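*Asks:* Just passing along the structure, written as structure tokens.
The values are calculated or read from the model by the stated rules, or taken from the named source; none is laboratory data. All values derive from a computational prediction rather than experimental measurement. Virtual Cβ from ideal backbone geometry, glycine too; neighbours counted across all protein chains shown. For accessibility, only protein heavy atoms count, side chains too; no ligands or nucleic acids. Shrake-Rupley method; radii C 1.70, N 1.55, O 1.52, S 1.80 Å.
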Amino acid sequence: MNSLPKRIIKETERLVKEPAPGISATPNEENLRYFNVVITGPVDSPFQGNVSHHKSGGVFNLELFLTDDYPMSAPKVRFLTKIYHPNIDKLGRICLDILKDKWSPALQIRTVLLSIQALLSAPNPDDPLANDVAEHWKSNEKDAIQTAKEWTRLYAA
Amino acid sequence: MDRFQYTELENTVPIEVVIVDQEIIKELQCGICLQIINKPRQCKNGHLFCMDCILQSLKKIQECPECRCSLNVEKLSRSLFVERHLRTLSVFCKYHFKYQKSVGWIVDEQGCNEIISLENSAKHENICEHSFEYCKFSKECGVIRRRLMDAHYEECPYRPVQCQHCNADFTHNEITNHLNECDMIKIECDRCNAPMIKKEFEKHKLNLCPNYHIQCPFFESGCNATFDRKDLESHIEKSLSHHLLLMKSHYTDTITNLKKEFSLLLKDKDDKIKQLEKSMNEKSDSSKKVEWCVKNYSILKKKGYIQSEKFTIGGFQWFIGFYTDGDSNDSKGYISIYLFLDTNQIPKGKSLTLEYYLKFFNQRDQTLSVKKDFRTTFPIKGGQGWGDRKAIRASVLESNGFIKDDTLLVMTSILIKKTCWSIEESDS
């Protein structure tokens, strides 16, 4: 196995030592470029979870992989937990510009995960990945949010 | 700013560790590699990166990774301020730290407390009294702080020492063992207190020391006295006649025993010689017998001379021949029979003395066989064969049972008695 670049070591250390609120990222012991990520659904979003049951929120599992080219190329991130969101498709793929053409090597794992967390707070149906969900969102936002809450209860509890 | 790596004997202290003001690291960190900036380059908005990092990024996308302003190699600029800032950055000497497994770099209480500018750190570290070196006597000692090296050399177990007795070279931890074994060490004889070196002590004890107990030199003759070497002379003087008597009886016994031994030995040798003689005689007595069967005698006799096949005895070839009606006027009516040596083969100067007989076997009555004995030396002077020209009358041979079924049996037995070489002076 190639030796891990200092930048990845540094990022990993900081992620573990000073985790961002609502975000945890743990490197896989066998492959330090592969992270198990857990993002808690933001408060006041359909992905918050059941507040009345004093649960902190919906819990979404993601996987994150740093390619050999990182940080010159964006990390690969995917939702593992089913989620009803106009910018996330059935396979968990995320439509987020910084994961694609807007990637910059000055960005980090932390900033990527914070952006994903923000995407949960602010779905953007005008730049959809899951067309039917986006359509639902645009035509009947209330109903769509209700479905999202339902999915959160079902899959992200 | 190319010297961000310094190799220590066992490890490299990262630059982030040695910087005194840890707060400053964030300001001087490259946004791409997250390390202290190496060869700083900036965009027009002042975002700083290592030169290598930003060049790599520009290959992918021509913008600043931080502010996304348009950027290419030509637009990159140096920052003399940051360069100077980095050069003059206050750092600890790397020997201020030590590496602890699973903890990392921690302050070494015994280490160097010097604070220098980054650009001067290498120079300082080269001469730093807190740096480490291997002991010059042995790698076994591991690395030692330069500051403590002199003290170490004074007590290093591998420091060279010379044996003051034999002048051989040793390491300090070997010398104690060596001193127990060194045979050049000065000692005193435990009996006479004479000074000497250890390796001469055995010789002294065995041959010289007056106080060592010795046996009387006449102990082989039976004197059992023992005494200190210094009393030898007086003992000899006192016991002169006693020693002579002891010697006399000792040597008488010895001579008697030797005689016995000698005669036994002689007898043994005699027996062996006799045995050898016997076996030799047995060998030479074994005479060679040849039986010659002359078939179709009535036809062969018309030739007047009949000759046998050659046979080998004593390494030479022989044959028998006989004349059926004599070999001269004188022997007419007789059978003349001879043993011949094939002289073509016999070397010059060699002669063989033989005892042999030639026998006409009577096939009707064995006792009537005619046997002629000879003793002679071959080669024969003036001829080839030796025998009897009137061995038997031809008429007797042909009528009295010698010939049966037209076959005559002639026998010979040859015993070589002597083989001689007479060497004559050669003609040339």
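*Asks:* May I ask you to list, by number, the DSSP H helices of chain B whose Cα span along the axis is at least 18 Å and whose average Kyte-Doolittle hydropathy reaches -1.0 or more?
*Replies:* Result, helices passing both filters: B:240-285.
*Asks:* Tell me, what % of the accessible area of the stretch B:3-145 is carbon and sulfur with a 1.4 angstrom probe?
*Replies:* 48
*Asks:* Averaged over its residues, how many other protein chain Cβ atoms are within 10 Å of peptide B:53-60's Cβ atoms?
*Replies:* 3
*Asks:* May I ask you to list the aspartates and glutamates whose Cα is less than 18 Å away from that of A:LYS100, ignoring any residue fewer than eight positions away on the same chain?
*Replies:* A:GLU63, A:ASP68, A:ASP69, A:ASP89, A:ASP126, A:ASP127, B:GLU63, B:GLU66
*Asks:* Straight-line reach from B:LYS267: which lysines have a Cα under 18 Å away, not including same-chain ones fewer than 8 places off?
*Replies:* Result set, ordered by chain and number: B:LYS259, B:LYS278.
*Asks:* Could you report the buried accessible area between A and B, both sides summed, computed with a 1.4 Å probe and given in Å² to the nearest 100?
*Replies:* 1200
*Asks:* Given Cα pairs under 8 Å that are at least 6 residues apart, what percent is the relative contact order of the stretch B:287-421?
*Replies:* Contact order relative to length: 34 percent.
*Asks:* Still on this structure: Just the accessible area per residue of the stretch B:51-111, please: how many Å² with a 1.4 Å probe?
*Replies:* Ligands and nucleic acids excluded, the figure is 60 Å² per residue.
*Asks:* Another question, then. Within 10 Å, Cβ to Cβ, of A:PHE65, how many net charges do the neighbouring residues add up to if Lys/Arg are +1 and Asp/Glu are -1?
*Replies:* So the surrounding residues net to +2.
*Asks:* Express the carbon and sulfur contribution to the solvent-accessible surface of chain A as a percent, rounded to the nearest whole number, probe 1.4 angstrom.
*Replies:* Exposed carbon and sulfur together represent 52 percent of the surface.
*Asks:* While we're on this one: For the Cα atoms of chain A, what angle does the longest principal axis make with the long axis of helix A:141-155, in degrees from 0 to 90, nearest 10?
*Replies:* For A:141-155 against chain A, the angle is about 60 degrees.
*Asks:* Take chain B, connect every pair of alpha-carbon atoms lying under 10 Å apart with a spring to form a Gaussian network, then pick out the residue of B:GLU261, B:GLU181, B:GLU27 with the largest mean-square fluctuation.
*Replies:* Residue with maximal mean-square fluctuation among B:GLU261, B:GLU181, B:GLU27: B:GLU27.
*Asks:* Tell me the per residue accessible area of the stretch B:117-271 using a 1.4 Å probe; a whole number in Å² is fine.
*Replies:* 72
*Asks:* A further question on this structure: For B:LYS238, go through the lysines and keep the ones whose alpha-carbon is under 24 Å away, minus same-chain ones fewer than eight residues off.
*Replies:* Of all the lysines, those that pass the test against B:LYS238 - Cα under 24 Å, at least 8 places apart if same chain - are B:LYS230, B:LYS248.
*Asks:* Using a 10 Å cut-off on Cβ to Cβ distances, tally the other chain neighbours for every residue of A:98-109 and report the average as a whole number.
*Replies:* Taking the mean over all residues of the peptide, I get 4.
*Asks:* Short version: which residues of the stretch B:68-115 lose at least 50 Å² of accessible area, all chains versus chain alone, 1.4 Å probe?
*Replies:* Buried-area filter returns B:ARG68.
*Asks:* Please compute, for peptide A:62-72, the average count of beta-carbon atoms on other protein chains lying within 10 Å of each residue's beta-carbon.
*Replies:* 2
*Asks:* Moving on to the next point. Would you mind getting the accessible area per residue of the stretch B:331-428, heavy atoms of the protein chains only, 1.4 Å probe, in Å²?
*Replies:* It amounts to 57 Å² per residue over the stretch B:331-428.
*Asks:* List every residue whose amide H lies under 5 Å from the amide H of A:ARG93, counting only residues 5 or more places away in sequence or on a different chain, with H placed 1.01 Å from N in the peptide plane.
*Replies:* A:PHE79
*Asks:* Around B:ILE299, what is the net charge, scoring Lys/Arg as +1 and Asp/Glu as -1 over all other residues with Cβ under 14 Å from its Cβ?
*Replies:* +1
*Asks:* For A:GLY92, what is the net charge nearby, where nearby means another residue's Cβ is under 15 Å from its Cβ and Lys, Arg count +1, Asp, Glu -1?
*Replies:* Residues close to A:GLY92 contribute a combined charge of +3.
*Asks:* Which residues of the stretch A:1-48 bury at least 20 Å² of accessible area once all protein chains are present, versus their chain alone (1.4 Å probe)?
*Replies:* Flagged in the stretch A:1-48: A:LYS6, A:ARG7, A:LYS10.
*Asks:* Return a whole-number percent for the relative contact order of chain A, with Cα pairs under 8 Å and 6 or more residues apart as the contact set. Each step should come with its number before you reach the end.
*Replies:* On the way: 272 pairs, mean separation 34.6, N = 157.
Relative contact order comes out at 22 percent.
*Asks:* Taking Cα pairs under 8 Å and at least six residues apart, what relative contact order does chain B come out at, in percent? Before the final figure, lay out the partial values.
*Replies:* On the way: 623 pairs, mean separation 34.1, N = 428.
Relative contact order, chain B: 8 percent.
*Asks:* Sticking with this one: Carbon-plus-sulfur fraction of the accessible area of the stretch B:287-421, 1.4 Å probe, in percent?
*Replies:* That share works out to 45 percent.
*Asks:* Where the centre of each part is set by its Cα atoms, how far does the stretch B:141-220 sit from the stretch B:328-385, in angstrom?
*Replies:* A separation of 93 Å, based on Cα centres.
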